[in-house]
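Data first, discussion second: the structure below is written as structure tokens.
The values are calculated or read from the model by the stated rules, or taken from the named source; none is laboratory data. Model, not experiment: these values are computed from the prediction. Heads up, the Cβs are rebuilt from the backbone with ideal geometry, glycines too, and the neighbour counts pull from every protein chain shown.
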Amino acid sequence: MISGDAYPLAAPEVTVGLVETQRRTAQNKIQEMLLAGKLDDVPYDILVEEVGLWPAIEKVIRNQSIDLVVVGTHGIGAFQKGVIGSGAEQVFRQCPQPVLTVRPGAEGHVRPSVVFKHILFATDFGPSCEREAAYVFCLGREHNATVTLLHVVHHLDDYSDDGLTLKRESVKNRFEDLVPCGAESWCRTEFRLAAGDPAGGILRYANEIQTDLIVMGAKARRDWRGMSREPRPIKLSRRRIARC
């Protein structure tokens, strides 16, 4: 994705040169990927768009009936927002389809097939949690996986002993409502309640159980800048997957 909006303080003539450099870099990266042969067995399309990230991806999703969107994330930076990155956040907060985010340190080797043996579903019981759970258990059934449902609260210490018992029962009941009927025959299910910062709690528990996949919902956000411009295709198309 190429955009002059990334250089708001640059003079117009400088911005033109920077955008052209972005374009050449994108095309070179694409050629390196093709020459490496990593897409030889995969039908794909290659699109280079001069526009904001989300408008271009939204157009591709709509025009090509995309079922799954995959985006990379940034590493942990000085600000917590840098853990995900604004581009990836635009996508997973607004995309109507499931979004798979991949961290920078993920192993780069190609496996003959993807197998998820332990799936962690972190939920705050938001309005779309039933829909999210449906995706989780669909994956659990396909991979014969263990599915752990996790809810993180900020301060368990704020509860009395009786209050904590009631909280645990309430969370357990809500978890049970998310489990499809008959799931015990094809999926092992575990329920967990944890305390602390939700992001830190999810990551700690994911590391503890060595999960293969984390599934969580995202609240929509509509205030991103630069989302009104119409995508302008620049180049390249051959076979079948969209790379943005």
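Pairs please, first residue from the stretch 186-205 and within 14 Å of Ile119 (Cα to Cα), second anywhere and aromatic (Phe, Trp, Tyr) and surrounded by 14 or more Cβ atoms within 10 Å (Cβ to Cβ), Cβ atoms under 8 Å, 6+ apart in sequence or on different chains.
What qualifies is Cys187/Phe137; Phe191/Phe175; Arg192/Tyr205.
Looking at His154 and the list (1) over 23 Å from Pro98 (Cα atoms); (2) at pLDDT 90 or above; (3) in contact with an Asp or Glu (Cβ under 8 Å, 6 or more places away or on another chain), which single condition is not satisfied?
Only one criterion is unmet by His154, namely (2).
Can you tell me which residue among Thr211, Thr165 is without any contact (Cβ under 8 Å) to a residue 12 or more places away in the chain and either among the β-branched types (Val, Ile, Thr) or touching a Gly at 6+ places or on another chain (Cβ under 6 Å) (or both)?
The unique qualifying residue is Thr165.
One line per residue, one yes/no per condition, for (1) within 20 Å of the chain's Cα centre (by Cα); (2) within 27 Å of Glu89 (Cβ to Cβ); (3) at pLDDT below 85:
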| site | (1), (2), (3) |
| --- | --- |
| Arg174 | no, yes, no |
| Gly182 | no, no, no |
| Cys187 | no, no, no |
| Ala194 | no, yes, no |
| Asp197 | yes, yes, no |
| Asp212 | yes, yes, no |
| Arg222 | yes, yes, yes |
| Arg225 | no, yes, yes |
